[in-house]
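Some notes on the structure that comes next.
No lab work stands behind these numbers, since they all come straight from the coordinates. In this text the structure is predicted, and so the values were computed from the model without any measurement. Reconstructed Cβ throughout: ideal geometry from the backbone, glycine too, with neighbour counts over all protein chains shown.
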């Protein structure tokens, strides 16, 4: 790509800036929970269509997911957008809020796609840019189900980003994960008059949890198991006929997670046997560990250095300090991150279907706790918009590199093929199962029974 084209691409953001910032603020106001992002998804679709994109696909079983495309032919470069919020992260600490900054994430990905599509058209460059509208990242659902239903096929490469406290390319990996709901069905009775006639589903949930907690001593130290009791009965004087728990099981890779999940299943079976109840298991999501891609990471790093880190002002730092965040804002580009973390993301599943590159940009102060109302507050501020602008420019520049540099595409694909050789992507989630909504985690007509 010549320097003149790069400069035009970077300059094009000036014409998009007002609209991009207004979109981010509007998504921040909407703050819709996973699988309920009706207005948020509609907003991004409207923005994309206004800039010449066509809605290529929506998903009957995945609410608020979509694919928008512009251009024609190959290469095909994808960009991932997210727009769901978190509970209890709004300004009052009780309402939903963007405690992970997805109002910035969805906006930057959308406008990076728009900027890239503009340059392709203006310079008669053949290629297709696809924007993937991905709901429910916070419940690790959206991309898992989109991948199952073939959303990410045919990509030459895919790009992603996330707001953060730092600015750097992320070429590390994370944990694979199973999200599983366990339901127990017992028999109600008066807890004082005739408890012997009851079979407590809550007892089964508690016995299962105790068994899992004993299991922790006998599993690898890298494994993480978390659970929440989603339903445990309605009154203490009634034997609960129904109860359910929700488990996350994380491990190094799909193989390790499968092994540990089977042992957790045994804990559930044993609890049902001990309490004379019936158990039903529902697989809600299945994340992979993310595959690194050195070629894409180096390309993103070159673009990121060309753009530079966000330039924060004294006013930005003062505002952060007023929120109690005294560590300042990061104004430099950090080294490429490598290694393996303990968190999980559904974007990792995409990395098993296409070469994936990812970066972070500083949008809030150092020391800000994740999944917190302080993120939501800062995600509406001028400092966050500066970090978002860096993401837009970096993603669009790297996207243009991918469109115009066949050697970059070749190297990215070569790495991808090497890492996935001999594997066949298994979505794990049953075909035809609808994506679960957080407060209705179980679709009983499509569950697996054991």
Cα-based helix-to-principal-axis angle, 382-404 vs the chain, degrees rounded to 10
70
Mean Cα-pair separation over length for the chain, i.e. relative contact order, pairs under 8 Å, 6 or more apart, %:
23
With springs only between Cα atoms under 10 Å apart, run a GNM on the chain and tell me which of 221, 282, 297 wobbles the most.
221
I'm spelling it out carefully: the read-out is percent of Cα pairs over 33 Å apart, the candidates are (1) 37; (2) 45; (3) 53, and one was derived from this structure. Which label?
(1)
Residues of the range 315-348 with amide N under 18 Å of the 7 Å Cα→Cβ point at residue 305:
331-338
Gain upon complete extension [residue 121, residue 25; 0.36 nm per residue less C-alpha separation]:
31.7 nm
Between residue 255 and residue 419, with labels modelled 7 Å along Cα→Cβ, what's the label distance in nm to one decimal, could you check?
1.7
Efficiency by 1/(1 + (r/R0)^6): what FRET value for residue 313 and residue 226, r their Cβ-Cβ distance, R0 = 41 Å, to the nearest 0.05?
0.55
With the crude spin-label approximation of a point 7 Å out along Cα→Cβ, what separation in nm comes out for residue 194 versus residue 88?
3.9
I want to verify a result. In a Gaussian network model of the chain, Cα cutoff 10 Å, which of these has the top mean-square fluctuation: 168, 64, 327?
327
In terms of the Cα gyration tensor, with a ≥ b ≥ c the square roots of its eigenvalues, is the range 176-287 rounded because a/c is under 1.5, prolate because a/b exceeds b/c, or oblate?
prolate
Under a 10 Å cutoff between Cα atoms, tell me which one of 396, 164, 124 has the largest fluctuation in the Gaussian network model of the chain.
124
Before rounding to the nearest 500, sum -39500 (n - 2.57) across all DSSP H runs of length at least 4 in the chain and divide by the residue total; then give [θ] at 222 nm in deg cm²/dmol.
-13000 deg cm²/dmol
Roughly speaking, what is the stretch gain from residue 61 to residue 431, that is 0.36 nm per residue apart minus the C-alpha to C-alpha distance, in nm to one decimal?
132.2 nm
Global geometry of the range 289-344, whether rounded, prolate or oblate, following the gyration tensor of its Cα atoms and the 1.5 cut on a/c
oblate
Where a ≥ b ≥ c are the square roots of the eigenvalues of the C-alpha gyration tensor, would you call the range 382-434 rounded, which needs a/c under 1.5, or, failing that, prolate if a/b is larger than b/c, or oblate?
oblate
If you fit an axis through the alpha-carbon atoms of helix 294-307 and take the longest principal axis of the Cα set of the chain, what angle between them do you get, 0 to 90°, nearest 10?
60
